[in-house]
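Q: Below is the structure I would like to discuss, written out as structure tokens.
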Amino acid sequence: MSRRAIALTTERRYWRAGFKYIAGVDEAGCGSLAGPVVAAAVILPVEGGIKGAVDSKLLTPARREEIADAVREQALAIGIGAASAREIERLNIRRASGLAMERALKHLRVAPDTVLIDGRPQPCLGDHLAIIKGDRKCHTIACAAIIAKVVRDRLMSRLAKAYPGYGWEHNVGYGTPEHREGIEQLGATPHHRRTFLGVQYALDLDS
């Protein structure tokens with residue numbers, strides 16, 4: 001079922017004020033038990049909306065791929081950044097998400113005039129506007145969320161081939177019964193976030 005894209009309401013307010021390059025930023029993988037947190041930053045052309053761009057969680061994997069391709073074709077710039085499982089453990093997930101966003105912004109080939117991010121403010125990003133549930137309210141953030149989700153899902157599918165038995169090709173690192181059973185039977189991999197409760201519980205069973 002096709003869905004109407006999120007309106008460009010926020011972007012138009014900035015475009016009318018003279019801000020040409022608006023970077024929408026979001027991440028994927030915050031609640032996962034394994035793998036990195038991946039962030040994407042997207043700058044669209046003025047009035048360059050993407051058909052079907054909505055909250056990535058409302059889209060099927062196939063539809064996310066289609067929209068991600070459209071974003072890549074039309075965007076003025078896309079930046080990708082990540083923070084590893086070890087960085088998540090060292091910094092905590094919130095700060096690691098900010099680090100991934102910071103890296104994504106640094107990989108943009110066009111410097112943004114303003115930055116819109118999903119969620120709460122991230123001090124490491126400097127001047128920006130944080131929008132709670134921004135992936136449901138802001139078109140450019142929704143595009144970034146879709147890119148981040150597609151990139152991370154592809155990465156976890158590749159890691160699944162190197163670390164079979166956890167179902168990462170299906171659950172992309174989230175705490176499904178299949179994944180938790182894999183942790184209990186096989187132990188944690190270098191890509192697991194050992195400080196996350198689901199992993200720590202399984203490790204405690206062996207102590």
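Q: Could you tell me how many of the residues in the range 1-43 are in a loop (DSSP other than H, G, I, E, B), of a type outside the set (S, T, Y) and within 21 Å of K57 (Cα to Cα)?
A: Adding up the residues that qualify gives 13.
Q: All but one of (1) surrounded by fewer than 13 Cβ atoms within 10 Å (Cβ to Cβ); (2) under 20 Å from A68 (Cα atoms); (3) of a type in the set (K, R) hold for R90; state the number of the condition that does not hold.
A: Going through (1) surrounded by fewer than 13 Cβ atoms within 10 Å (Cβ to Cβ); (2) under 20 Å from A68 (Cα atoms); (3) of a type in the set (K, R) one by one, R90 breaks only (2).
Q: If I filter the range 159-204 down to residues being modelled with pLDDT under 95, of a type in the set (G, A, S) and outside any helix (DSSP H, G or I), which single residue comes out as nearest to G29 (Cα to Cα)?
A: G175
Q: A follow-up question, please. I'd like to know if the range 105-116 contains one or more residues that are under 16 Å from G29 (Cα atoms) and either of a type outside the set (F, W, Y) or part of a loop (DSSP other than H, G, I, E, B) (or both).
A: No, that holds for no residue.
Q: Okay, moving on. Could you count how many residues in the range 93-133 are loosely packed, with under 14 Cβ neighbours inside 10 Å, more than 15 Å from A23 (Cα to Cα) and among the small types (G, A, S)?
A: Number satisfying all stated conditions: 0.
Q: Over 18 Å from R193 (Cβ atoms), of a type outside the set (V, I, T), in contact with a Ser or Thr (Cβ under 7 Å, 6 or more places away or on another chain) and assigned to a loop (DSSP other than H, G, I, E, B) - does that describe any residue in the range 63-84?
A: For the range 63-84, residues over 18 Å from R193 (Cβ atoms), of a type outside the set (V, I, T), in contact with a Ser or Thr (Cβ under 7 Å, 6 or more places away or on another chain) and assigned to a loop (DSSP other than H, G, I, E, B): absent.
Q: Got a number for residues in the range 77-86 being over 12 Å from the mean Cα position of the chain (by Cα) and crowded, with 18+ Cβ neighbours inside 10 Å?
A: Total meeting the criteria: 2.
Q: Moving on. Going residue by residue through the range 120-140, is there one that turns out to be of a type in the set (D, E, K, R) and in contact with a Pro (Cβ under 9 Å, 6 or more places away or on another chain)?
A: The answer is no, given that none of the residues of the range 120-140 is of a type in the set (D, E, K, R) and in contact with a Pro (Cβ under 9 Å, 6 or more places away or on another chain).
Q: Go through the range 31-49 and give me each residue that's within 13 Å of A83 (Cβ to Cβ) and among the β-branched types (V, I, T).
A: Those that are within 13 Å of A83 (Cβ to Cβ) and among the β-branched types (V, I, T): V37, V38.
Q: Every residue in the range 121-165 that is of a type in the set (D, E, K, R), without any contact (Cβ under 8 Å) to a residue 40 or more places away in the chain and farther than 18 Å from L99 by Cβ, please.
A: K133, R154, R158, K161
The values are calculated or read from the model by the stated rules, or taken from the named source; none is laboratory data. Computed from a prediction, not measured in an experiment: that's the story for all the values here. In this analysis, Cβ positions are derived from the backbone assuming ideal geometry, glycine residues included, and neighbour counts consider all displayed protein chains.
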